[in-house]
Structure formats: C-alpha cells, structure tokens
Amino acid sequence: MLRKLVNLVFALLILAGAGLVAQQLIDSREPLHSKPRTSEGPLVQIHTIDRNGADITLNSHGTVQTKTALQLTSDVAGRVTWVNPELMTGVILAADTVVARVDKTQYEVALAQANLALREAELSLADAHTRFKTHSPRHPQIRRAEAQVTAANAQIKKAETDLKRTDITLPVKALVASKQIALGQYVAPGSVLANLQAVDSVEIALPISQAELELLRSASSPVVRLTSVKGDSQWEAQLARVNQQLDQATRVAYAVAEVASPYEQTPPLRIGQFVEAHIQGISLDDVFRLPTTAIFENRFVYRLVNDNRLQRVNVNILRQDARSVVAQGNLAVNDQLVLSRLDIMTDGMQVRVDHTP
C-alpha cells in the first residue's frame with residue numbers, strides 16, 4: 001500500500017514539472033505580428049499605343065488580260081495568195097506587219113480602168129470648154145464634164161485604196177490569239193482572219209470587298225505591286241479605275257490595275273498569267289494599329305486607368321490580319337491596353353501589370 005502511494009506522488013511530481021517547463025516555453029516565445037490582408041489583383045500583360053494613324057495594304061489577285069482585243073478582217077474580196085509564215089497562234093507581231101495578201105489582179109484592172117475614165121473625162125472637159133465657153137462659162141455641158149472628172153478622180157482613189165488593202169496588215173502590235181486564214185482561201189469583206197490581243201498595255205481586274213472599296217476611296221495616290229505566284233518576279237502597275245458595278249455572283253467590286261508595255265518588262269508580264277496584287281498607299285489618320293490580342297469579342301478593348309483599373313472602350317475594326325487590327329475608337333497615344341485573357345474582366349477591376357519583357 002505504501003509503495004502505491006509513493007508511485008502516485010512521484011507521477012504527480014513529474015506532471016507538475018512538465019507543466020512548469022511547458023509554461024516557461026510558452027512565456028518565452030516571441031509574440032506573433034498580424035498583417036492586414038490585401039488584394040493586389042491578377043497579373044496582366046499590356047500594350048502601349050505608341051502612335052496613331054496606319055498604312056494599309058489591300059491584298060488581292062487576278063489574271064492578266066489584254067486591254068484591247070480585236071478581230072483582223074479583210075476589207076476586200078479575193079483569194080489569199082500569200083500568208084506570212086510568222087502568223088502563228090501565240091506569236092507577237094509588230095504593227096503594220098503584212099500578214100496576208102489577196103489576189104491583186106482585179107484591183108489592178110480596176111485602177112487601170114479608173115485612170116482611163118479620168119483621161120476620157122478630162123478630154124470631154126477640154127472639148128466642152130472649146131465648144132461652149134464663149135456662150136457661158138457655166139454651160140451645162142461644161143459642168144457635166146467637170147462632174148465626170150471629179151467622179152473619175154474619186155474612182156481612182158477607191159481603186160488605189162482597194163489595191164492597197166490587198167496587203168492585209170496588223171493595225172497595232174499584237175499577240176495572235178487565234179488564226180482563221182489559209183493559203184488559197186477565198187475571203188469576202190468582213191471575213192475574220194485572226195483574233196488579236198493588243199500588247200501595248202494590259203489590265204488586271206482585282207476583286208475587293210465593299211469595305212476595302214471604301215478604304216481605297218480614301219487613298220490619294222495608290223500604287224499597285226504585282227508578284228508572281230512563286231514570289232520570284234515583281235511588276236509595278238497603276239490603278240486605272242474602280243468598276244462601280246458589283247459582281248452579281250460574289251458581290252465584290254473590282255479595282256483595275258494597268259501595266260504599260262508588259263512584254264518589255266523584265267521578266268515579261270504575259271497575258272493569261274495569274275498574279276498576286278498588293279495595293280499600297282492607303283493612309284488613315286484617325287485610327288490605331290493594335291495587336292489582335294488586345295481586341296475582345298471583335299468590338300472592344302480594356303484600357304488601364306487610375307490605380308491600374310480596367311476601363312472598357314468600344315472600337316470599330318476597319319482592317320484585320322493575322323497579327324494586328326486597324327481600329328477606330330476613343331483611344332489616344334500612350335494608352336495601355338490589356339492583352340491577357342482573365343476568367344473575369346469587368347469595368348473598375350484592379351489588376352497588376354506584368355513588366356516582364
């Protein structure tokens with residue numbers, strides 16, 4: 001019994017000592033300092049607008065076409081006695097090149113007969129003057145003889161013209177698109193001998209949207225640069241006109257570019273060639289070029305205002321490409337626009353700016 005009492009007292013002393021040690025440890029620790037809880041907002045990246053105004057390039061494409069297409073016809077009738085061996089489809093011939101000849105025989109006879117008729121009319125006029133001039137300088141016989149001389153001269157001019165037209169020549173420097181004439185063929189006035197495409201200049205019809213049409217109207221002196229499909233050749237063109245009629249199938253307009261002397265370019269710009277076109281020289285003043293990531297829902301941006309708070313600003317997008325947009329809106333140079341996408345973004349929301357380059 002005594003032994004149990006001793007063990008109990010000993011256990012109580014141990015517990016009391018442990019309690020004293022624990023209390024000393026608690027009393028000796030440093031007091032905790034509490035800090036006020038603050039919300040700094042999410043981290044965002046920004047874009048600073050560095051300038052206003054933008055230069056815009058309209059991209060299009062088209063096929064090179066001749067500005068003037070014409071049909072080579074015969075003005076006289078007869079059998080073809082000679083065809084220029086260079087008259088072949090796809091060949092370019094110079095202006096005034098003789099491409100074929102029609103049998104001249106009947107036209108040489110007609111010219112000889114016209115010259116004979118003139119001599120006879122002149123003799124008749126001289127005889128009339130001798131016989132009737134003393135009676136009246138304007139005697140009917142004299143006037144009739146004068147009319148015969150005039151008619152004979154006109155007949156000579158016609159015969160000379162017909163004889164000259166037996167040599168069929170090109171009116172302009174042209175590419176032969178097709179050929180319908182052959183040696184020994186009989187041709188009549190108006191017969192089509194060949195289809196030609198003038199090569200003094202060519203045109204390229206470039207499709208543009210109605211929105212791009214409005215941008216083009218604001219350009220003072222646009223320049224058109226043409227490139228081959230592979231991009232290894234380039235030509236400069238002039239904007240000749242803008243067609244005012246929309247294509248009924250696609251509802252697009254056409255800007256027509258023109259290139260003078262296309263086959264004298266290096267390399268030649270050939271009829272039928274497909275080219276890419278870049279219309280430059282369109283400058284807008286009251287717009288801003290912004291990164292595409294700064295645009296939300298294609299209609300507004302978020303601008304940072306006092307204390308890095310968000311402000312929503314509506315914009316009107318005029319032009320967009322893969323990396324940037326050209327937009328109008330209530331913006332200014334040095335405005336900071338948010339690029340980051342957050343789960344929640346509202347007016348007045350506070351954010352932190354990520355200055356990491």
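The values are calculated or read from the model by the stated rules, or taken from the named source; none is laboratory data. If you're wondering where the values come from, they're calculated on a predicted model, not measured in any experiment. Because the Cβ atoms are built from the backbone with ideal geometry, glycine has one as well, and the counts that use them run over all protein chains shown. These accessible areas exclude ligands, DNA and RNA; they are computed on the full protein's heavy atoms, side chains included. Shrake-Rupley method; radii C 1.70, N 1.55, O 1.52, S 1.80 Å.
Residues in the range 238-282 that are among the polar types (S, T, N, Q) and either at pLDDT 90 or above or not in a loop (DSSP other than H, G, I, E, B) (or both): 7 in all. Would a scan of the range 275-297 turn up a residue that is without any contact (Cβ under 8 Å) to a residue 40 or more places away in the chain and either farther than 28 Å from Val325 by Cβ or exposed (fewer than 12 other Cβ atoms within 10 Å of the Cβ) (or both)? Yes, some residue in the range 275-297 is without any contact (Cβ under 8 Å) to a residue 40 or more places away in the chain and either farther than 28 Å from Val325 by Cβ or exposed (fewer than 12 other Cβ atoms within 10 Å of the Cβ) (or both).
Residues of the range 144-194 that are within 42 Å of the chain's Cα centre (by Cα) and among the β-branched types (Val, Ile, Thr): Ile168, Thr169, Val172, Val176, Ile181, Val192.
Just checking, does the range 164-186 include any residue being within 28 Å of Thr81 (Cα to Cα), part of a helix (DSSP H, G or I) and either open to solvent by 40 Å² or more (accessible area, probe 1.4 Å) or touching a residue at least 60 places away in the same chain (Cβ under 8 Å) (or both)? Checked against the condition, which is being within 28 Å of Thr81 (Cα to Cα), part of a helix (DSSP H, G or I) and either open to solvent by 40 Å² or more (accessible area, probe 1.4 Å) or touching a residue at least 60 places away in the same chain (Cβ under 8 Å) (or both), the range 164-186 yields at least one hit. For Pro189, the requirement of being surrounded by fewer than 18 Cβ atoms within 10 Å (Cβ to Cβ) and closer than 30 Å to Glu258 by Cα is not met.
Can Asn334 be described as more than 32 Å from the chain's Cα centre (by Cα), surrounded by fewer than 14 Cβ atoms within 10 Å (Cβ to Cβ) and more than 26 Å from Leu58 (Cβ to Cβ)? Taking the combined requirement at face value, the residue satisfies it. Scanning the range 93-115 for residues that are assigned to a strand (DSSP E or B) and open to solvent by less than 60 Å² (accessible area, probe 1.4 Å) gives Leu93, Val98, Val99, Ala100, Val102.
The residues of the range 195-237 that are assigned to a strand (DSSP E or B) and more than 16 Å from the chain's Cα centre (by Cα), listed by number, are Asn195, Leu196, Gln197, Ala198, Ser201.
The single condition among (1) surrounded by fewer than 20 Cβ atoms within 10 Å (Cβ to Cβ); (2) at pLDDT 95 or above; (3) closer than 14 Å to Asn84 by Cβ that Ala198 does not meet is (3). Going through (1) assigned to a helix (DSSP H, G or I); (2) in contact (Cβ under 8 Å) with a residue 24 or more places away in the chain; (3) among the aliphatic types (A, V, I, L, M) one by one, Ile142 falls short only on (2).
Restricting attention to the range 245-273, the residues that are on the phi > 0 side of the Ramachandran plot and either loosely packed, with under 11 Cβ neighbours inside 10 Å or not polar (S, T, N, Q) (or both) total 2. Close Cβ contacts (under 7 Å, 6 or more residues apart or on different chains) running from residues in the range 220-244 that are surrounded by 13 or more Cβ atoms within 10 Å (Cβ to Cβ) to residues that are assigned to a loop (DSSP other than H, G, I, E, B) and not basic (Lys, Arg) comprise Thr227/Ser233; Ser233/Pro267; Trp235/Gln265; Trp235/Leu269; Leu239/Pro222. The set of residues from the range 76-89 being within 23 Å of Gln273 (Cα to Cα) and open to solvent by 50 Å² or more (accessible area, probe 1.4 Å) comprises Met88, Thr89.
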